[in-house]
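A.B. asks: Before I ask anything, here is the structure I am working with.
The values are calculated or read from the model by the stated rules, or taken from the named source; none is laboratory data. Since this is a predicted model, take the numbers as computed values, not measurements. Methodologically, a virtual Cβ is constructed for each residue, glycine included, from the backbone with ideal geometry; neighbour enumeration extends over all protein chains shown. The protein model used for the area step is the full one, side chains on, heavy atoms only, and it has no ligands, DNA or RNA in it. Shrake-Rupley method; radii C 1.70, N 1.55, O 1.52, S 1.80 Å.
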Amino acid sequence: MKRYLFVLFIFTLCMQATAIAQKNKMSRAEREAAWRAERLKKREAEQARIAVEDSVSFAQAVAALQSGSWALEASNITFNNGITRFVTSSTNYVAVNGGQGTVQTAFNNTNINSPNGLGGVTLEGNVWGERIGKDADGNIFYSCSIQGNGISAVIYVTLTANSNQASARVNANYSGNFMVFNGMLYPYNSAGIFEGQPSY
């Protein structure tokens, strides 16, 4: 009889242990499901916030192009030979404001003996022939000419739809050379650009 009670006791313990294990397993699965759902919710909220910010930035960039007062701060510049250099955005830019256009490079900020004192050149001129259009995907295309003592070029800007990411291709009129400034486009008054000494 004692042996029977002992076996029954062990059997009961095993059943309880199994039930507890199953309960804990289900709780863990439920916790993981809740964690995944919360993570997905946060991710969707962050994506929605970014989408709103991008939409606002795009609208501001379009308005800046339309008003002729903008600056494209470049994170990298590609040359006509295919070489790309990563640069400081505050000193490498293309800008138009008040009928004046500026193209500035600064590849070595420690080179004070460069034409603009920033390791590059700063070219300025009058802006004319501004045009703006839009394609079926919502991308914005802008062009203008800049004519000055040290520059004669056509600027072609492409603003990516629903963001302020943009590129500006600077085509020299006489040499056939070009540079492409890739970065972010802002209204001129809110851009964080620093202008060096005009080179001409």
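A.B. asks: Stretch Q47-R31 to full length: gain in nm at 0.36 nm per residue minus the Cα-Cα span?
C.D. replies: Separation in residues times 0.36 nm, less the Cα-Cα distance, equals 3.3 nm.
A.B. asks: In whole percent, and with a 1.4 Å probe on the protein chains, what portion of the accessible area of segment 59-200 is carbon and sulfur?
C.D. replies: 48 percent
A.B. asks: Using mean Cβ contacts within 10 Å as the protection proxy, how do 165-174, 128-137, 80-89 order, highest first?
C.D. replies: For the peptides 165-174, 128-137, 80-89, the packing ranking is 165-174, 80-89, 128-137.
A.B. asks: Rank F79, L65, G120 by how far each Cα sits towards the positive end of the charge dipole of segment 56-200 (+1 on Lys, Arg Cβ; -1 on Asp, Glu Cβ) and give me just the farthest.
C.D. replies: Farthest towards the positive pole: F79.
A.B. asks: Could you give the length gained by full extension between Y174 and N162, i.e. 0.36 nm per residue of separation minus their alpha carbon distance, to one decimal place?
C.D. replies: Length gained, Y174 through N162: 0.8 nm.
A.B. asks: Then there's this: Find how much the distance from F141 to S90 grows on full extension, using 0.36 nm per residue of separation minus their present alpha carbon separation; answer in nm with one decimal.
C.D. replies: In short, 16.0 nm is gained.
A.B. asks: So, in nm, how far is label Q66 from label L40 when the simple model puts each one 7 Å beyond its Cα toward the Cβ?
C.D. replies: That separation, rounded to one decimal, is 3.9 nm.
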